[in-house]
Amino acid sequence: IDKRMGGASNLEDFIRKAHFVDYEGTRAMVEAHRVNVPRSTGIIQWMLNSAWPSLYWQMYDWYMVPTSAYWSVKKGCTPQQLIYNYGNNKVYAVNDEKADASLNASMTVYGLDGTVIGESSTSVNMPMGCSFEVFEVPAVDQVGFVFLTLADASGNVVARNEYVLAEVMDKHDWKKYRWWRTQVESYADFSALNALTAAEVAVSLAEVDGGIEVTLTNNSPVVAFFIRMALKDASGEYVVPATWNDNLVSLAPGQSLTYKCTAEVPAGATLTVDGWNVAKSTLAL
């Protein structure tokens, strides 16, 4: 957090950045396996849940609330997905379904100010068990956001994936490699995220059978980054269990997406929405 993010100004800022580090780092582990199949033959995640309150390594925390790692791994393990490979700065198509697929792949890269740095799209034939290069990601200035989408011929989205990249990424000292860790020689610089322009995100909420639906609309010319949605009871505690189809999400400029949370909604419940550059809002159910 100190070397990559420019440090933390207070506890809330530290926790937000810890969630980001956890999200990116844990997803990279499972996605590195997927893009390197069949040379990579398997992966072990230790551990599923935490035996004590902590911010790293587990998919569920001490209170059985999904962590940032859970949401990133869920996205990274989507059977048919586009994945950014940190090893060579390229995007791969992977297919772990038990059937071949023909889909449309698209990539849009935004700068900190919302400027489109690069756009690419192509149709991809994805054999069962495949992993192959689709796009090369253009260079970014300071920090950039990569939005990846797989869709079928009718435009129905099959998978989404988003990344944050720095102008200069981490450099590893491979001579100091150990099977559990590789020494970092110099760190990527994500400190520009600290000055990310505020985004205006409209939130609409609807109670549906079995839970709630939340629609987020980014009414800004910049990316609305790392938005967290939390269903809480009347005392302000997380409702558990609460199963979201996605969370800790980022929205491109002008993008609107709807998310579903399956839960038993108690009386007096509220929805809290906040993000890296999105002001906190609380809606009553």
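The values are calculated or read from the model by the stated rules, or taken from the named source; none is laboratory data. These numbers were taken from a predicted model, which means no experiment stands behind them. Here the Cβ is made from the backbone with ideal geometry for all residues, glycine too, and neighbour counts use every protein chain on show. These area figures cover heavy atoms from the full protein model, side chains too; ligands, DNA and RNA do not enter into them. Shrake-Rupley method; radii C 1.70, N 1.55, O 1.52, S 1.80 Å.
Count of the stretch 111-138 residues, restricted to those that are in contact with a Pro (Cβ under 7 Å, 6 or more places away or on another chain) and of a type outside the set (Val, Ile, Thr), is 2. The residues listed here are Ser9, Ser50; of these, the one that is of a type outside the set (Lys, Arg), open to solvent by 30 Å² or more (accessible area, probe 1.4 Å) and either more than 21 Å from His172 (Cα to Cα) or touching a Lys or Arg at 6+ places or on another chain (Cβ under 7 Å) (or both) is Ser9. Sort out which residues of the stretch 128-183 are part of a strand (DSSP E or B) and modelled with pLDDT under 95, and write them in order of number. Of everything in the stretch 128-183, those that are part of a strand (DSSP E or B) and modelled with pLDDT under 95 turn out to be Lys171, His172, Asp173, Trp174, Lys175, Lys176, Tyr177, Arg178, Arg181, Thr182, Gln183. Asp96 meets each of the listed conditions (1) surrounded by 14 or more Cβ atoms within 10 Å (Cβ to Cβ); (2) closer than 23 Å to Val30 by Cα; (3) free of Cβ contacts under 8 Å to residues at least 60 places away in the same chain apart from (3). Residues in the stretch 97-116 that are more than 20 Å from the chain's Cα centre (by Cα), in a strand (DSSP E or B) and aliphatic (A, V, I, L, M): Ala101, Leu103. The set of residues from the stretch 188-208 being at pLDDT 95 or above, outside any helix (DSSP H, G or I) and of a type outside the set (A, V, I, L, M, F, W, C) comprises Asp189, Thr197, Glu200, Ser204. The residue that is surrounded by the fewest Cβ atoms within 10 Å (Cβ to Cβ), among those in the stretch 184-240 that are touching a Leu at 6+ places or on another chain (Cβ under 7 Å) and charged (D, E, K, R), is Glu207.
Only residues that are touching a helix residue (DSSP H, G or I) at 6+ places or on another chain (Cβ under 7 Å), assigned to a strand (DSSP E or B) and more than 22 Å from Val146 (Cβ to Cβ) were counted in the stretch 41-96, giving 1. Of all residues in the stretch 35-94, those satisfying the criterion of being basic (Lys, Arg) and closer than 18 Å to Val21 by Cα are Lys74, Lys75. Could we say that Gly87 is closer than 19 Å to Val164 by Cβ and either of a type in the set (Gly, Ala, Ser) or out of contact with any strand residue (DSSP E or B) (no Cβ under 8 Å at 6 or more places or on another chain) (or both) here? In short, yes. For the stretch 272-283, the criterion of a residue being open to solvent by 70 Å² or more (accessible area, probe 1.4 Å) and under 18 Å from Trp71 (Cβ atoms) is satisfied by no position.
Scanning the stretch 22-40 for residues that are open to solvent by 50 Å² or more (accessible area, probe 1.4 Å) and either assigned to a helix (DSSP H, G or I) or closer than 22 Å to Phe190 by Cβ (or both) turns up just one, Met29.
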